[in-house]
1. For the stretch 11-202, what relative contact order do you get, as a whole percent, if you take Cα pairs closer than 8 Å and at least 6 residues apart?
2. So which trypsin sites (Lys or Arg not before Pro) in the stretch 86-178 pass both tests, a DSSP loop state and at most 16 other Cβ atoms within 10 Å of the Cβ?
3. I'd like the distance between the alpha-carbon centres of the stretch 18-54 and the stretch 92-108, rounded to an integer number of Å.
4. Using all C-alpha to C-alpha distances in the stretch 11-202, build P(r) with 10 Å bins and read off the rounded percent in each one.
Amino acid sequence: MPSGPPIEPKDYLAGPAASERRRRQRRVSSLRWVVRIIGWTFVISIVLSLVSGSLIPRMNTGFALLVLLSFIALGVFFDILGLSVATAGSKPFHSMAARRVKGAAQSLRLLKSPEKITSFCNDVVGDITGIVSGATATVIVTNLTHDPSGSNIVWQVLLSALVSTLTVGGKAWGKTVSLRHNTAIVAQMGRAIYRFEALRKKIFPKSKRGST
């Protein structure tokens, strides 16, 4: 017969109960993240759409094209950040954290949630900039042709093709950069977060306990 202490009912039930609690916590955390992503998407869409719809019609064509290129570059930049976090390994940053390298702890925080960082960088910012770039191109066509309906097919097709080419080509180049230099890129992201947190502590210092 098997030896060992008898299993109490509460010990038998502790495993499934704890597992259920963990699943419930993960569901709550996922729901919070979805709500947060929706909020960020709404805010970023409003800001970029205001720039595209309100400011660009008042600019000359040269400045409007610069804004359009900035939108495309922003999408490529965040695509590089998201893919770098998704593909970088954590081992170099554990070594840097042990040597107290500035930004290493922040880089490790990023690597603990790659799906969230990738979702924000590639899906939220990347998709929004793609949509707003198309809307911006339409506004520029309207300015060029002085046609409020924006129905000039030739200009519309040419500028849309330019936007698509720059976006696809830029992201293809960005993927190569991300895969080759993901560790260095994540390290730079960690340093940037470290500097931001240090600046925030200077501006908003926490009051010491017991101080009057």
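Where a number appears in this text, it was derived from the coordinates with a stated rule and is not lab data. The structure displayed is predicted, hence computed values, not measured ones. Virtual Cβ from ideal backbone geometry, glycine too; neighbours counted across all protein chains shown.
1. Working: 184 pairs, mean separation 61.5, N = 192.
Relative contact order, the stretch 11-202: 32 percent.
2. On the way: sites: R99, R100, K102, R109, K112, K116, K171, K175; in loops: R99, R100, K102.
Hits after loop and neighbour filter: R99, R100, K102.
3. Cα centroid of the stretch 18-54 versus Cα centroid of the stretch 92-108: 28 Å apart.
4. P(r) over the stretch 11-202, rounded to whole percents: 9, 26, 28, 21, 11, 4, 1, 0.
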